[in-house]
Amino acid sequence: MTTEAAASRSGTGLGPAVRAAREARGLSLRELARRLDVSPSFVSQVEHGKANPSVGTLYALVTVLGTTLDDLIGDESSRQPRSDSTLPVPGGWPRVETPVQPARGRRRVQMSGVAWERLTHDDDPYVDFLHVEYAPGSASCAPDDMMRHGGREYGHVLSGRLEVQVGFESYSLGPGDSIHFDSTTPHRLSNPHDQPCTAVWFVLARRDYDRAVAPTPAGSSHLPGLL
């Protein structure tokens with residue numbers, strides 16, 4: 001599926017959202033590229049829907065732009081006002097206005113070989129609840145530039161196979177297998193197999209605990225230190 005087709009299906013486009021967030025922060029295209037450690041032409045292609053970022057680069061965009069995944073893949077009607085609470089306690093949860101997300105019409109973001117669909121209708125400030133697709137040969141990041149961020153991840157493979165590296169350990173998951181790990185540990189998800197992989201992924205408190213993660217070394221394209 002092309003970026004344009006994915007955008008049409010979901011009713012939103014990642015590129016325009018990235019551009020709007022960049023301009024709202026007063027960053028030039030060249031400055032954003034510098035902070036992401038990518039080329040200005042790549043950022044321009046992403047903003048115009050002609051290129052898809054990797055999972056790692058998407059997380060980096062979220063951090064550098066001071067935004068959230070929901071801000072990039074959601075829409076204004078599905079967002080809830082954010083609480084000032086920084087802990088996932090009952091008093092900090094926003095009200096659930098629409099409890100059901102039908103299979104059709106899920107908010108979708110297409111990356112380089114990887115697609116995420118949000119499984120909640122409303123913006124949840126503490127949880128990323130996602131249906132993920134890894135195409136054959138795709139990966140969340142380069143082998144020598146693993147991701148790390150706040151929170152804890154839980155994954156359940158529905159079909160195909162997924163390789164998950166967490167720190168120095170590697171795990172091969174098949175249909176029905178599950179995994180959970182601390183997201184502050186460097187990690188990488190990949191599908192080196194011939195068949196696509198689909199899974200349900202759940203990330204708890206990623207955005208609220210990003211500040212607890214030590215800055216990524218200079219030159220990394222994943223989650224550079226908060227600015």
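The values are calculated or read from the model by the stated rules, or taken from the named source; none is laboratory data. Fair warning: this is a prediction, and the values are worked out from it, not measured in the lab. So basically every Cβ, Gly included, is an ideal-geometry build from the backbone, and we count neighbours across all protein chains shown.
For region 47-73, what are the residues that are crowded, with 19+ Cβ neighbours inside 10 Å and either at pLDDT 90 or above or over 23 Å from VAL203 (Cβ atoms) (or both)?
Matches in region 47-73: GLU47 only.
Condition test on SER172, is it small (Gly, Ala, Ser), closer than 21 Å to TRP116 by Cβ, touching a strand residue (DSSP E or B) at 6+ places or on another chain (Cβ under 8 Å) and at pLDDT 95 or above?
The answer is no for SER172.
Would it be correct to say that VAL43 is among the β-branched types (Val, Ile, Thr), in contact with a helix residue (DSSP H, G or I) (Cβ under 8 Å, 6 or more places away or on another chain), at pLDDT 90 or above and not in a loop (DSSP other than H, G, I, E, B)?
Details: among the β-branched types (Val, Ile, Thr): yes; in contact with a helix residue (DSSP H, G or I) (Cβ under 8 Å, 6 or more places away or on another chain): yes; at pLDDT 90 or above: yes; not in a loop (DSSP other than H, G, I, E, B): yes.
Criteria met by VAL43.
Out of (1) surrounded by fewer than 20 Cβ atoms within 10 Å (Cβ to Cβ); (2) within 20 Å of SER112 (Cα to Cα); (3) at pLDDT below 95; (4) out of contact with any His (no Cβ under 8 Å at 6 or more places or on another chain), the odd one out for ASP128 is which?
Single failed check for ASP128: (1).
Within the group GLY155, GLY167, which residue is under 21 Å from the mean Cα position of the chain (by Cα), at positive phi and not hydroxyl-bearing (Ser, Thr, Tyr)? Break it down into steps so the answer makes sense when it comes.
Working: GLY155 fails: at positive phi.
Going through GLY155, GLY167 in turn, the sole match is GLY167.
Could you run through region 74-111 and say how many residues are modelled with pLDDT of 80 or more and buried (at least 19 other Cβ atoms within 10 Å of the Cβ)?
Total satisfying the criteria: 6.
So which pairs qualify, if the first residue must be in region 18-38 and without any contact (Cβ under 8 Å) to a residue 12 or more places away in the chain, the second must be in a helix (DSSP H, G or I) and buried (at least 18 other Cβ atoms within 10 Å of the Cβ), the Cβ gap must be under 7 Å, and the two must be at least 6 apart or on different chains?
ALA33/VAL43
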